[in-house]
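Notes follow the structure.
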Amino acid sequence: MAKEFELNEVEVWDGNYAASQALRQAQVDVVAAYPITPSTPIVEGYGAYKANGYVDGEVVMVESEHAAMSGCVGAAAAGGRVATATSSQGFALMVEVLYQASGMRLPIVLTVANRALAAPLNVRGDHSDMYLGRDSGWVQLDAFNAQEAYDMTLCAFKIGEHLDVRLPVMVHQDGFTTSHKAQNVYPLQDKVAYDFIGDYVPVDDMLDFSRAVTHGAQTEEDWHFEHKARQHKALMESRTVIDDVFAKLKELTGREYKRVETYMMEDAEVAIVALGSSVETAILAAQELREEGLNAGVVAPRCFRPFPFDLVRDALDVPTLKAVACLDKSAPGGAMGALFNEVSAAAYSTKSRPMMTNFIYGLGGRDFSVEEAKRIFKEQKAHADAGHITTDIQQFSGVRGPKLGFFQTRRG
């Protein structure tokens, strides 16, 4: 029997410790893991809880991240509550098995301390790994700070294990900026947290010998299409479950979360759309600019998958809104930023159709300052005043050397 873990009303935790505590409180049956910076303390912490008798589950150290997710798939298929953590190159090595986990409808929880992908090698945070997993069939939740890393991890179990979902869930937090930054966190008592998640209910588990099932079957053209269509349907319909879980957490804690967070958008003339810890920087910049007379606002998708197209559209459907900067913290690989493309599609469906520009920023952990956010807001104001985009539609923001701009909006 696991021992109780003493928690005060408020704790000072970093994002990794917050995630590991949420895994402990969920009483995970199996954590199969291979350490990688900056997510190592999540599974390292869980291993310490196991060694000290605070959890009854198993910790399995494997030879790679591919093996870690493979171990999670096997344990989840056998009927266990399962979780792990990773970052960057480890995430990339997991990708093959991510598709297996979602296709087999296994509600594994993966906590990701987001980090740049090589080459060149970099251990700092950007969203390259988050974007790499966006089409893998997992629910993707985004935490902006340590408190949210804790809350979103608790919610991930409740969402993924819901009988109407039964899909794996990733919880993302920015590497180092969130994962290693100590902040005030208000955790739940162990029993309260576990009761919020609920007991694990196995579905079609391999160890239920009264009802034989097959996992990892081959389907080819006869049934593959139908399987993927049903998987996509479940992912899209998870939106109502996510909303319901967020509402239940608010009842329990008073902390309110939405699939798309909006700040000062009611009368915004210009806006930034961003993910992760950059959201708080953009909010502070918008607040300062409003004191200077510029009505700035911020839109922050918390649920990256399933992408909340309708909520982003509604957030941008503001009569006063003229120009929007969409910030992508990932190298675009010869295209517009991935977040920009999806947000632009949503903006195209609004009545006002604000001008959209794309900023690639923060790669490899490059700092995103309040002053840089204010500069971006002011550039959007210049577009609004001119009635057209006055710069290249895509820019690298914060890069040293000559200004890099791409995809010009007009000749000349």
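The values are calculated or read from the model by the stated rules, or taken from the named source; none is laboratory data. Note that this is a predicted model, so its numbers are computed, not measured. Neighbour counts run over all protein chains shown; Cβ positions are idealised from the backbone, glycine included.
Data table
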item: Residue among Leu339, Leu289 that is touching a residue at least 24 places away in the same chain (Cβ under 8 Å), assigned by TED's automatic domain parsing to the domain that holds Ile393 and under 25 Å from Ala143 (Cβ atoms); result: Leu339
item: Residues satisfying the stated conditions in the stretch 367-412, i.e. in contact with a strand residue (DSSP E or B) (Cβ under 6 Å, 6 or more places away or on another chain) and either small (Gly, Ala, Ser) or more than 21 Å from Leu289 (Cβ to Cβ) (or both); result: Ala384, Asp392, Ile393, Gln394, Phe396, Ser397, Gly398, Leu404, Gly405, Phe406, Phe407
item: Ser349 being among the hydroxyl-bearing types (Ser, Thr, Tyr), within 23 Å of Met265 (Cβ to Cβ), at pLDDT below 95 and over 19 Å from the mean Cα position of the chain (by Cα); result: yes
item: Scope the stretch 312-353; condition in contact with a Phe, Trp or Tyr (Cβ under 8 Å, 6 or more places away or on another chain) and in a strand (DSSP E or B); matching residues; result: Ala325, Cys326, Leu327, Asp328
item: Residues of the stretch 367-391 that turn out to be among the charged types (D, E, K, R) and either farther than 28 Å from Asp174 by Cα or assigned to a strand (DSSP E or B) (or both), as a count; result: 2
item: Total residues in the stretch 249-273, condition touching a Cys at 6+ places or on another chain (Cβ under 9 Å) and surrounded by fewer than 13 Cβ atoms within 10 Å (Cβ to Cβ); result: 0
item: Residues within the stretch 319-342 that are surrounded by fewer than 23 Cβ atoms within 10 Å (Cβ to Cβ) and of a type in the set (A, V, I, L, M), tallied; result: 4
item: Residue among Leu235, Leu284 that alone is touching a helix residue (DSSP H, G or I) at 6+ places or on another chain (Cβ under 7 Å) and surrounded by fewer than 20 Cβ atoms within 10 Å (Cβ to Cβ); result: Leu284
item: Hits in the stretch 341-378 - residues which are in contact with a Leu (Cβ under 6 Å, 6 or more places away or on another chain) and of a type in the set (Val, Ile, Thr); result: Thr350, Val370
item: Of residues in the stretch 354-366 being touching a strand residue (DSSP E or B) at 6+ places or on another chain (Cβ under 6 Å) and not in a loop (DSSP other than H, G, I, E, B), the one farthest from Ala282 (Cα to Cα); result: Met355
item: Filter result (under 15 Å from Ala346 (Cα atoms) and of a type in the set (A, V, I, L, M, F, W, C)) within the stretch 288-302; result: Val299, Ala300
